[in-house]
Amino acid sequence: MPVVGFLHYGSSDSFAHIAEAVRRGLKEAGYVEGQNVAIEYRWANGHYGRLPALAADLVRRQVTVITAGGTVAARAAKEATATVPVVFTSGADPVWSGLVASLSRPGANLTGASLIAAEMAVKRLELTRELLPHARVVAMIVNPNYPGADSEMAEVEGAGRIIGLQTEKGTAGSERDLDAVFASLAQRRVDAVMVGTDGFLITRRDQIVALASRYAIPGIYPFVDFPEAGGLMSYGASLSDAYRQAGVYTGRILKGAKPADLPVQQPTKFELFINLKTAKALGLTIPPMLVARAEQVIE
């Protein structure tokens, strides 16, 4: 029975739906866990430093394919092996971050799905303008340890200049950093806050949402996990669908396909979620046209 190594930056309790999305993709390709494929799970529980050892462990166990969740996990898998196929789901640009040679012809032993994080960050800034037409300053929190942080921030700064929004950068690579950066944003009276697609920030969504609420700062986030935790709004590529795509690719590789021949998948499903309860607490009225476009409204 072939064995898939599942490597992820998060934890099994917070990201169970992501593992399920991979299994759903595998099933589409004809593989069912426990019947004709085994899966070995390795979770870093939000600690990037654990990923290299976890990736090396999967290679030592001679798994057939590694499915890597997140850019940092994908890099760890790439550094651990040049022969075991790796299927990634990456927020950072896979070419810019050095995972593949090109999107259409990845080369080597890696391919996967991109979340086009930088482009989505620009779209979230545009939605912020639509939501808060009188806003002047929007902060963007990024993790300096995340490979895609600079490109995401650069895109947002460029878009801000075009649409007339001043953007400020906040950095946080730890829980303590998040407390400090929100206190600073409140002092600077920013009109809204965005966060990057970095895995660490996603794992700290409850803390981020609580801080945004404490300081009454509207938050626009990359994934539905944030409004489900009480955040105001999210817009981005569907994380579950991207992992489903990764599962399909994993199944195709199990059937003999080569990663170098499988183009990196681009997202096709985008989701807007709005938490009206949070909007009310912030004293905000969501424009009806924005509500009408939402995939789901949380009341």
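Let's see how each residue does on (1) at pLDDT 95 or above; (2) touching a Leu at 6+ places or on another chain (Cβ under 7 Å); (3) not polar (S, T, N, Q):
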{"residue": "Val65", "(1), (2), (3)": "yes, yes, yes"}
{"residue": "Ala68", "(1), (2), (3)": "yes, yes, yes"}
{"residue": "Ala74", "(1), (2), (3)": "yes, yes, yes"}
{"residue": "Ala77", "(1), (2), (3)": "yes, yes, yes"}
{"residue": "Thr81", "(1), (2), (3)": "yes, no, no"}
{"residue": "Ser97", "(1), (2), (3)": "no, no, no"}
{"residue": "Ala108", "(1), (2), (3)": "no, no, yes"}
{"residue": "Leu115", "(1), (2), (3)": "no, no, yes"}
{"residue": "Met120", "(1), (2), (3)": "no, no, yes"}
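Each residue in segment 1-22 was checked for being touching a Phe, Trp or Tyr at 6+ places or on another chain (Cβ under 7 Å) and open to solvent by 60 Å² or more (accessible area, probe 1.4 Å), and 1 of them qualify. Screening Gly49, Gly25, Gly30 for residues that are open to solvent by less than 50 Å² (accessible area, probe 1.4 Å) and within 21 Å of the chain's Cα centre (by Cα) leaves exactly one candidate, Gly25. Applying the set (1) more than 17 Å from the chain's Cα centre (by Cα); (2) open to solvent by less than 70 Å² (accessible area, probe 1.4 Å); (3) touching a residue at least 24 places away in the same chain (Cβ under 8 Å) to Lys78 leaves exactly one unmet item: (2). Going by what's in this entry, would Val137 be described as crowded, with 17+ Cβ neighbours inside 10 Å and aliphatic (A, V, I, L, M)? Considered against the rule, which asks whether it is crowded, with 17+ Cβ neighbours inside 10 Å and aliphatic (A, V, I, L, M), Val137 comes out as no.
Apart from one condition, Gln35 fits all of (1) at pLDDT below 95; (2) surrounded by fewer than 24 Cβ atoms within 10 Å (Cβ to Cβ); the exception is (1). Here Gly219 qualifies as without any contact (Cβ under 8 Å) to a residue 60 or more places away in the chain, touching a strand residue (DSSP E or B) at 6+ places or on another chain (Cβ under 7 Å) and surrounded by 21 or more Cβ atoms within 10 Å (Cβ to Cβ).
Can you name the residue in segment 248-285 that is charged (D, E, K, R) and part of a loop (DSSP other than H, G, I, E, B) and, of all such residues, is least open to solvent (accessible area, probe 1.4 Å)?
Per the criteria, the residue is Lys269.
Looking across segment 167-192, the residues that are assigned to a helix (DSSP H, G or I) and open to solvent by less than 10 Å² (accessible area, probe 1.4 Å) come down to Leu178, Phe182, Leu185. Taking the criterion of being farther than 22 Å from Ala73 by Cα and buried (at least 22 other Cβ atoms within 10 Å of the Cβ), the residues of segment 140-166 that qualify are Met140, Val156. Checked against (1) in contact with a strand residue (DSSP E or B) (Cβ under 8 Å, 6 or more places away or on another chain); (2) among the small types (Gly, Ala, Ser); (3) free of Cβ contacts under 8 Å to residues at least 24 places away in the same chain; (4) under 30 Å from Glu79 (Cα atoms), Ser184 passes all but a single condition, namely (4). Counting only residues that are within 30 Å of Ile286 (Cβ to Cβ) and open to solvent by 10 Å² or more (accessible area, probe 1.4 Å), segment 100-130 holds 10 of them. Annotation for segment 31-51: at least one member residue is among the basic types (Lys, Arg) and either touching an Asp or Glu at 6+ places or on another chain (Cβ under 8 Å) or free of Cβ contacts under 8 Å to residues at least 24 places away in the same chain (or both). Among the residues of segment 193-241, the ones that are among the polar types (S, T, N, Q) and not in a helix (DSSP H, G or I) come to 3 in all. Restricting the first member to segment 287-299 and to residues that are closer than 17 Å to Gly236 by Cα and assigned to a loop (DSSP other than H, G, I, E, B), and the second to residues that are among the charged types (D, E, K, R) and open to solvent by less than 50 Å² (accessible area, probe 1.4 Å), the beta-carbon pairs closer than 9 Å and six or more apart or on different chains are Ala294/Glu271; Glu295/Glu271. Given the condition without any contact (Cβ under 8 Å) to a residue 12 or more places away in the chain, within 21 Å of the chain's Cα centre (by Cα) and outside any helix (DSSP H, G or I), answer yes or no: does some residue in segment 144-163 qualify? No; the residues of segment 144-163 include none that is without any contact (Cβ under 8 Å) to a residue 12 or more places away in the chain, within 21 Å of the chain's Cα centre (by Cα) and outside any helix (DSSP H, G or I).
The values are calculated or read from the model by the stated rules, or taken from the named source; none is laboratory data. These numbers come from a predicted model, not from an experiment. Glycine gets a Cβ as well: all are built from the backbone with ideal geometry, and neighbour counts include every protein chain shown. Accessible surface areas use protein heavy atoms only, side chains included; no ligands, DNA or RNA. Shrake-Rupley method; radii C 1.70, N 1.55, O 1.52, S 1.80 Å.
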